[in-house]
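For reference, the structure discussed in these notes is given below.
The values are calculated or read from the model by the stated rules, or taken from the named source; none is laboratory data. What you see is a predicted model; the values in this text were computed from it and never measured. Glycine also receives a Cβ, built like all others from the backbone with ideal geometry; neighbour counts cover every protein chain displayed. Areas reflect the complete protein model, heavy atoms only, side chains present, ligands, DNA and RNA absent. Shrake-Rupley method; radii C 1.70, N 1.55, O 1.52, S 1.80 Å.
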Amino acid sequence: MLERGVDQATGLRRSMTPHGGPVLPVAGAGEHPAFVARLAQALCDGGLRVALVSDFDDVLEQIKRGQPRRDLAAMHSLEVGSGLQRLGIISASADLTLVAVDDARLARGLTMRASEAIVLASSDTQAIATAYARIKALVGLGSVRDVCTLFDRGSASADVRLGHDRLAQTAWRFLGVDIAYGGAAPDISMPGGYRRLADDLADWSRNRSGRWAGLPH
């Protein structure tokens, strides 16, 4: 269950808008391609029109190997432009747009309306340091003020939560950013595990982003 202060996820509701939904950067996608793909698929299964933009072949291949979904549009970032300049057009027809590209391109291409971001991480010391650097770069754009961490399954749950707490304390102290704990990737043998994670994530984004404001719940 996603935790952020007193915010509690209440489940995913269908949201429709002709102007599109929020753009959600996903940092660390190159190290966790299967996580990104399954998250996008689960968001779509929950009733959202999802656009996924990535420059990682592994992410796009994971999508291609999965069950086709009518409301999931996955595309290489080159189709969106070298500076992601067509991102606004792409996101206009989606309820949620995930941008899972290289860190440098992520920083250059999102000086627009992304107010929150996802950071994928592991719980070891080096991974936490890398996650912090990614958060710092995203926050440095001036628009991203809310970040949610999602951890892979390579660590025990206690280590994952400890890793998040260390990251959250450092981000708050030096960046003034409150980091939400989104949880860890479920075992793929667990029925509905990714759906629950996706529901929580979408609800967190809805609560944080003005792009969801006024939409039917």
Quiz item: Which condition does A74 not pass, out of (1) under 14 Å from P33 (Cβ atoms); (2) in a helix (DSSP H, G or I); (3) open to solvent by less than 50 Å² (accessible area, probe 1.4 Å), if it passes all the others?
Solution: (2)
Quiz item: Any idea which of (1) among the small types (G, A, S); (2) buried (at least 22 other Cβ atoms within 10 Å of the Cβ); (3) more than 21 Å from G21 (Cβ to Cβ) is the one A100 doesn't satisfy?
Solution: (3)
Self-check item: Answer from G5, G66, G20 - the residue that is within 30 Å of Q169 (Cα to Cα), among the small types (G, A, S) and modelled with pLDDT under 90
Solution: G5
Quiz prompt | Residue list for region 82-97, filter: open to solvent by 50 Å² or more (accessible area, probe 1.4 Å), part of a loop (DSSP other than H, G, I, E, B) and not hydroxyl-bearing (S, T, Y) | solution = Q85, R86
Practice problem: With the condition kept exactly as written, say whether any residue in region 149-162 is open to solvent by 10 Å² or more (accessible area, probe 1.4 Å), touching a Phe, Trp or Tyr at 6+ places or on another chain (Cβ under 8 Å) and part of a helix (DSSP H, G or I). | Solution: yes
Practice problem: Check off (1) at pLDDT below 95; (2) of a type outside the set (G, A, S); (3) part of a strand (DSSP E or B) for L52 and give me the number that stays unchecked. | Solution: (1)
Practice problem: Kindly indicate whether any position in region 125-132 is modelled with pLDDT under 85, over 16 Å from V26 (Cα atoms) and not polar (S, T, N, Q). | Solution: no
Exercise. Taking the residues in region 137-148 that are touching a helix residue (DSSP H, G or I) at 6+ places or on another chain (Cβ under 6 Å) and not in a strand (DSSP E or B) as candidates, determine which candidate is nearest to S115 (Cα to Cα).
Key: V144
Quiz item: Does E79 satisfy the condition of being modelled with pLDDT under 95, outside any loop (DSSP other than H, G, I, E, B) and open to solvent by 30 Å² or more (accessible area, probe 1.4 Å)?
Solution: yes
Exercise. For region 115-127, indicate whether the set of residues that are in a helix (DSSP H, G or I), crowded, with 18+ Cβ neighbours inside 10 Å, touching a residue at least 40 places away in the same chain (Cβ under 8 Å) and out of contact with any His (no Cβ under 6 Å at 6 or more places or on another chain) is non-empty.
Key: no
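Condition check ((1) without any contact (Cβ under 8 Å) to a residue 12 or more places away in the chain; (2) aromatic (F, W, Y); (3) out of contact with any His (no Cβ under 9 Å at 6 or more places or on another chain); (4) open to solvent by 20 Å² or more (accessible area, probe 1.4 Å)) across all residues:
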{"position": "A27", "(1), (2), (3), (4)": "no, no, yes, no"}
{"position": "G30", "(1), (2), (3), (4)": "no, no, yes, yes"}
{"position": "P33", "(1), (2), (3), (4)": "no, no, yes, yes"}
{"position": "R38", "(1), (2), (3), (4)": "no, no, yes, yes"}
{"position": "L43", "(1), (2), (3), (4)": "no, no, yes, no"}
{"position": "G46", "(1), (2), (3), (4)": "no, no, yes, no"}
{"position": "A51", "(1), (2), (3), (4)": "no, no, yes, no"}
{"position": "S54", "(1), (2), (3), (4)": "no, no, no, no"}
{"position": "Q62", "(1), (2), (3), (4)": "no, no, yes, yes"}
